[in-house]
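The values are calculated or read from the model by the stated rules, or taken from the named source; none is laboratory data. Computed from a predicted model, the values in this text were never measured in an experiment. Reconstructed Cβ throughout: ideal geometry from the backbone, glycine too, with neighbour counts over all protein chains shown. These accessible areas exclude ligands, DNA and RNA; they are computed on the full protein's heavy atoms, side chains included. Shrake-Rupley method; radii C 1.70, N 1.55, O 1.52, S 1.80 Å.
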Amino acid sequence: MTVSDLERKQEPKRAGLGPAGWLRWSWRTLTSMKTALLLLFLFALASIPGSLIPQRGVEPDQVARLYDESPDLAVWYDRFQLFDVFSSVWFAAIYLLLFTSLIGCIVPRTGTYLRELRRKPPAAPRNLSRLPHHAAFESDLTVEEAARRLRKLRFRVVTGDGWVAAEKGYLRETGNLLFHVALLGLLAAVGIGSVFGYRGNVLVVEGDGFANTVAAYDRYMPGPRVNAESLEPFAFELSDFQATYQVGGDNSGQELDYSAHLKVNDSPGAPARDYELKVNEPLDVNGTQTYLIGHGYAPEFRVTDGEGQVAFEGPVPCLIEDKPTLTSGCVVKVPDAQPSQLGFLLRFLPTSTPLTDGGHASSFPGAVVPEVQVLGAFSGDLGLRSGVPQSVYELAPPEIMKKLDPLVMGEAAGDPLAVGKSLELPGGAGKLEFTGVKEWITLQIAYDPGRLPALLAAGTATIAIVFSLVIRRRRVWVRVKDGRADVGGLTRTEGSAAGFAEEFDEIVKELAGDKDVR
């Protein structure tokens, strides 16, 4: 055995951290200020996809269009919960970690802050000339008079044998701690809103109404503590929708403004009141807010089946395909048609304009020359009675579409249908009539009890961070002996010495009165 082997054999084994040690290390790391700032940055970063990618709770029609245009990309977005960012597992994980980290930061800092408030300013050093700021003057100033003048300047003062110690700027620590408490309160308010609040989306066509019940929503997202009885019992009817667009110029067709005119019943049996719903001007009924988030067209159709009966009549909300011109894709399903069910794929053109190649396109988003192109008419079983849910913006799943009998396709349908015109289906299968144009609006209805607390917490955090950044902690000492007064001062905040120099001069002038200062 060599000497080195013997030394290694005699060397004591290093003890590992163990489970308890790893837990302590993990807790200290999680509750450090560096970790809290990192989590806060991640929290802000995680919110970005919610602004860039359409969310199911806000723009369900945009999500549906993305599935149509880029199905592979949409599947990946859905896999990572990017269509529901703020209710995703990974967003909740960041939220809870940040919440825990802030609590771990605040509790020990609160104890330190309370001890600092009770601590008296330290006694004056023996040699004040060694301090960063120093001045001396001949004066008959007494300790009591120096203390009185410093209190007048709002210093906390302690006196001793021939000296005065003064300190102020405690609001800096107050602002720092209050900022963290307010940030914690902001996160708590968001949590309260998600647990006790709800939101939902609904599409309403002109002339139709809405009652705030679970069954009336197209998409309903309640918090864990919300039930059907929690909903505010109000109702409204969409009497009219108006949109204005720029006419002419480089920005022709640009949307200038739009508003929905409602007749609102705040409670069952309450008289109806008129309300103009606009973007960023929600309808508020006892804390439940209704936001206008989008609009489109709902052309009206009448479908007569092969037996001469009206099998369908009414407006059909269309999915916007081209935002600048509001060209929209429409699907009409007629499951009650006889002897066979009918289905239509249509394109609505608000301002139809002939093209040089013989086709038609919309040149303006306003309904100036509304026409409908028939892309396809089908007969057969649409699968609506199979029990499998289908999208209203899709005629049928691909496996069912293969079994349908195409009656009219593409150019065989002829020119687009103007209002009042109709298309006769071959073989006596029926008739499609374009009878008019209505518009639809999409609404988000939300109740968030944490909204006001979140506003108060955000305001408090803003004020607190100003205190933390502007106010500086500083100390001043005065020694009085044999007709001479020595004054020294320093700051406890890095980078604020230059700003303290002018204040120190004012303090010395207040202490010296009319005496010459060296």
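General remarks:
- Helices in the chain that qualify as membrane-span-like (whole DSSP H runs, Cα extent of at least 15 Å along the helix axis, mean Kyte-Doolittle hydropathy of 1.6 or higher) are 33-52, 451-470.
- Modelled label reach - PHE43, point 7 Å along Cα→Cβ, region 441-465 residues with backbone N closer than 20 Å: 448-465
- Rounded to whole Hz, the Karplus (6.51, -1.76, 1.60) HN-Hα couplings of region 365-382, x for glycine and proline: x, x, 7, 7, 10, x, 9, 10, 8, 8, 7, x, 10, 9, 10, x, 6, 7
- Equivalent ellipsoid semi-axes, region 207-311, via Cα gyration tensor eigenvalues times 5, rooted, Å: 29, 25, 15
- Values of log10 I(q)/I(0), in the order q = 0.12, 0.14 Å⁻¹, for region 371-494 under a Debye, Cα-only, solvent-free model: -0.76, -0.87
- Residues whose amide H lies under 5 Å from that of VAL408, counting only those 5 or more places away or on a different chain, are ALA377; hydrogens are built 1.01 Å from N in the peptide plane.
- Summarising the amide proton neighbourhood of ARG484: residues at separation of 5 or more, or on other chains, whose placed amide H is nearer than 5 Å comprise SER139.
- Relative contact order of region 46-203: 21 percent, from C-alpha pairs under 8 Å at least 6 residues apart in sequence.
- Take every Cα pair under 8 Å whose residues are at least 6 apart in sequence, average their separation, divide by the length of the chain, and the relative contact order is 19 percent.
- Cysteines in the chain that lack a partner Cβ within the 4.7 Å cut-off: CYS105.
- Translational diffusion coefficient of region 306-350 (Stokes-Einstein, Kirkwood radius from Cα pairs, 4 °C, 1.567 mPa s): 109 µm²/s.
- Percent carbon-and-sulfur accessible area, the chain, ignoring ligands, DNA and RNA, probe 1.4 Å: 56
- Based on alpha-carbon atoms, the Kirkwood radius and the radius of gyration of region 321-425 give Rg/Rh equal to 1.01.
- Cross-link reach is defined here as a Cα-Cα straight distance under 26 Å, omitting same-chain residues fewer than 8 places apart; for LYS263 the lysines meeting it are LYS278, LYS438.
- Protection-proxy order for peptides 455-466, 287-298, 425-436, each taking the mean of Cβ atoms within 10 Å per residue, highest first: 287-298, 425-436, 455-466
- Each peptide in 302-309, 254-261, 377-384, 363-370 was scored by the mean count of other Cβ atoms within 10 Å over its residues; highest first, the order is 377-384, 363-370, 302-309, 254-261.
- Legend: calculated FRET efficiency, ALA188 to TRP76, from the Cβ-Cβ distance at R0 = 22 Å, rounded to 0.05, equals 0.05.
- Spacing of the modelled spin labels on SER386 and VAL107, each 7 Å from Cα toward Cβ, amounts to 5.6 nm.
- Amide hydrogen proximity for VAL437: with H placed 1.01 Å from N in the peptide plane, the residues at 5 or more positions away or on another chain lying under 5 Å are GLU300.
- Summed over the residues of the chain and divided among them, the accessible surface reaches 55 Å² per residue at a probe radius of 1.4 Å.
- Among [x] 3, 13, 16, 16, 13, 10, 10, 8, 5, 4, 1, 0, 0; [y] 3, 17, 28, 27, 18, 5, 1; [z] 4, 20, 30, 28, 13, 4, 1, 0, the entry that matches P(r) over Cα pairs in 10 Å bins from 0, in percent as calculated here: [x]
- Shape category assigned to region 389-442 from the gyration tensor of Cα positions, a/c cut at 1.5: oblate
- For the peptides 273-284, 471-482, the ranking by packing is 471-482, 273-284, with the highest mean count of neighbouring Cβ atoms within 10 Å listed first.
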